[in-house]
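Trainee: The structure follows.
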Amino acid sequence: MSHSHTLRFLFLFFCLIHAPLFSSSSQQPHIMLPSQPTEKKLTTLHFYYHDILEGENRTVVQIIDPSNTPNSLGTTFMMDNVLTEGPELSSKQVGRAQGMFGLASIHDRGMVMLINFAFSEEGEYKGSTLSMLGRNPVMDTVREMPIVGGTRLFRFASGFAIAKSLWSISTEQHFVVEYNITVSLP
């Protein structure tokens, strides 16, 4: 192929590729613009979580009991804990904390927690859930854990939970934790 043929070929190829840009038709080329950032909606929730560890109304059950592990590593529990508006168990129930947790550290009482906060069918959040998955250094009075998703009103939620152990009103049979959760929604 001669040099002039090569140049003609490249010119024709260029024209074919770019013809829509030089067209006199009324159609404009489709240009993709970046989507505009949307403001996220922040929602905050406040409630109390009740671990009932003993008795006929207990809400926590041990499901795995490994023997001879350092610091009880691997010990795992299932739960269906009551969530209330106030710190008293007799306060209005707003949902349940359903999930599992296990001892995940050989050095301290660090737990891994997988919990769905399932809100009551009545009230502001009507059957919605929030999912929390993360490390819980349970011996710390205040700790932070990630919110990784949700359903219904909390679909695509992400955020964090601040848990505060209420040592002054907790007993060996009934452990109370105050939760403040902040989530962002698209």
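The values are calculated or read from the model by the stated rules, or taken from the named source; none is laboratory data. Note that the structure is a prediction, hence the values are computed from the model and not measured. Reconstructed Cβ throughout: ideal geometry from the backbone, glycine too, with neighbour counts over all protein chains shown. These area figures cover heavy atoms from the full protein model, side chains too; ligands, DNA and RNA do not enter into them. Shrake-Rupley method; radii C 1.70, N 1.55, O 1.52, S 1.80 Å.
Trainee: Report the label-to-label distance for residue 44 and residue 57 in nanometres (one decimal), using points 7 Å from each Cα along the Cα→Cβ vector.
Mentor: 3.1 nm
Trainee: Straight-line reach from residue 92: which lysines fall under 17 Å, measuring Cα to Cα and dropping same-chain residues less than 8 apart?
Mentor: 126
Trainee: Shifting gears a bit: Taking all protein chains in place and a 1.4 Å probe, what share, in percent, of the accessible surface of the stretch 112-186 do carbon and sulfur account for?
Mentor: Of the solvent-accessible surface of the stretch 112-186, carbon and sulfur hold 57 percent.
Trainee: Tell me, what is the per residue accessible area of the stretch 41-185 in Å², probe radius 1.4 Å?
Mentor: Here the per-residue accessible area is 53 Å².
Trainee: List the trypsin sites (Lys or Arg not before Pro) within the stretch 102-186 that DSSP assigns to loop and that have no more than 14 neighbouring Cβ atoms inside 10 Å.
Mentor: Those satisfying the criteria are 109, 126, 155.
Trainee: Could you work out the relative contact order of the stretch 41-185, using alpha carbon pairs under 8 angstrom and six or more residues apart, expressed as a whole percent?
Mentor: Over the stretch 41-185, the number comes to 23 percent.
Trainee: In addition: Check residue 158: other-chain or 5+ apart residues with amide H under 5 Å from its amide H, H built from backbone geometry?
Mentor: Under 5 Å from the amide H of residue 158: 184.
Trainee: Give me a comma-separated list of calculated 3J(HN,Hα) values for the stretch 162-175, in order, Karplus coefficients 6.51, -1.76, 1.60 applied at θ = phi - 60°, integers in Hz, x for any Gly or Pro.
Mentor: 9, 9, 10, 5, 9, 4, 5, 10, 7, 10, 5, 8, 9, 9
Trainee: Right, something else. Which cross-chain or sequence-distant (5 or more) residues have an amide H under 5 Å from the amide H of residue 136, H modelled 1.01 Å from N in plane?
Mentor: Result for residue 136 returns 111, 112, 113.
Trainee: Another question, then. In nm, to one decimal, how far is the modelled label at residue 135 from the one at residue 78, with both set 7 Å along Cα→Cβ?
Mentor: According to this spin-label approximation, the distance is 2.8 nm.
Trainee: What's the FRET efficiency of residue 180 with residue 152 using the Cβ-Cβ distance as r and R₀ = 30 Å, to the nearest 0.05?
Mentor: About 0.90, to the nearest 0.05.
Trainee: Tell me, what ³J(HN,Hα) does each residue in the stretch 83-89 have, in order and in whole Hz, if you take phi through Karplus 6.51 cos²θ - 1.76 cosθ + 1.60 with θ = phi - 60° and put x for Gly and Pro?
Mentor: So the Karplus estimates, Gly and Pro as x, are 10, 10, 5, x, x, 7, 4 Hz.
Trainee: Under the Karplus relation 6.51 cos²θ - 1.76 cosθ + 1.60, θ = phi - 60°, what is the ordered set of whole-Hz ³J(HN,Hα) values for the stretch 141-154, x standing for Gly and Pro?
Mentor: Running phi through 6.51 cos²θ - 1.76 cosθ + 1.60 with θ = phi - 60° gives 5, 10, 8, 10, 9, x, 9, 10, x, x, 10, 6, 5, 9 Hz.
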